[in-house]
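Reading through the structure tokens given below for one structure.
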Amino acid sequence: MKSDMIKALNGFKNCEVIPSENKDIVVVLLESDSKEIEKEQIQNIQNLPSVNQLSMVSGYQG
């Protein structure tokens, strides 16, 4: 299941996946040019059948 999620996430544009070594979680880094694109990326991740929970942390460089 984790491998299916990683494979699907690796297909997303501007998305980097960092799997944990000892848990069934992954860290996903997204980069977007606008809030609209960011919302679409998040929705696409939430729609993956292998995603049980999604927690977001945002950071912006000015």
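Each reported figure results from applying straightforward, stated rules to the coordinates on display, with no laboratory input. Quick caveat: nothing in here was measured; it's all calculated off a predicted structure. Positions of Cβ are generated from backbone atoms using ideal geometry, with glycine treated the same way; all protein chains shown enter the neighbour counts.
Within the stretch 11-41, the trypsin sites (Lys or Arg not before Pro) that combine a DSSP coil assignment with at most 14 other C-beta atoms in a 10 angstrom radius are Lys13, Lys23. Under the combined filter of DSSP loop state and at most 15 neighbouring Cβ atoms within 10 Å, the stretch 6-51 retains these GluC sites (Glu not before Pro): Glu21, Glu31.
For the chain, the residue among Ser58, Asn47, Phe12 whose Cα projects farthest onto the positive side of the dipole built from Cβ charges is Asn47. If R0 equals 25 Å, the separation of the Cβ atoms of Ser58 and Ser20 corresponds to a calculated FRET efficiency of about 0.75.
Listed peptides 2-11, 46-55 appear in the order 2-11, 46-55 once ranked by packing, highest mean of other Cβ atoms within 10 Å at the front.
Within the stretch 2-46, how many lysine pairs that are 8 or more places apart, or on different chains, have C-alpha atoms less than 19 Å apart? Don't skip to the answer; put the middle values down first.
Working: Lys2/Lys23; Lys7/Lys23; Lys13/Lys35; Lys13/Lys39.
Lysine pairs meeting both conditions in the stretch 2-46 amount to 4.
At 25 °C and 0.890 mPa s, grab the translational diffusion coefficient of the chain from Stokes-Einstein with a Kirkwood Rh over Cα pairs, rounded to a whole number in µm² per second.
Working: Rh = 12.3 Å.
Once the numbers are plugged in, D ends up at 199 µm²/s.
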